[in-house]
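Read through the structure below, which is laid out as C-alpha cells, and then see the notes.
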Amino acid sequence: FEIVALLRVWKNGSAPINRIPPEILSTIPDFLDSGHKDGGTVVLTHVCRAWREIFILHPSLWTDLCWKSAEKTRAYLKRSRLSPI
C-alpha cells in the first residue's frame, strides 16, 4: 500500500500543472467567484498533497470567516495566522 501511495505522489508531482511555482498557484483563489470562494479554496486543498500544503500555508486565503461552524472558524483562524481578518 505504501508503494502505491509513493507512486501517486511521484505521478502527481510530475504533472505539468505542478511545475507552476507555488507563489503563482496560490493566486488561483483570487479568480474564484466571490460566492464560491470559500468552498472553492477548500476544494483546491483536496486536489493533491502538494496543493493542500500550498493552499493551507497561504494565510491570506483563510481570512473570510464563516461563523456558522465553530470548527470551521477555528480552522480558518489557525490557517490565517497573522493575516488581517
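The values are calculated or read from the model by the stated rules, or taken from the named source; none is laboratory data. Everything numeric here is computed off the predicted structure, so don't read it as measured data. All accessible areas refer to the heavy atoms of the entire protein, side chains included, with ligands and DNA or RNA removed. Shrake-Rupley method; radii C 1.70, N 1.55, O 1.52, S 1.80 Å.
More than 21 Å apart: what percent of Cα pairs in the chain qualify? When all Cα pairs of the chain are counted, 35 percent exceed 21 Å. The slack between Leu82 and Asn18, meaning 0.36 nm per residue of separation minus the straight C-alpha distance, is 20.3 nm. Accessible surface calculations at 1.4 Å, restricted to protein heavy atoms, place the chain at 77 Å² per residue. Count the lysine pairs in the chain that are 8 or more places apart or on different chains: how many have C-alpha atoms under 25 angstrom apart? Step by step, the pairs that qualify in the chain add up to 4. Per residue, the chain reaches -14000 deg cm²/dmol at 222 nm when only DSSP H runs of four or more residues are counted, each adding -39500 (n - 2.57).
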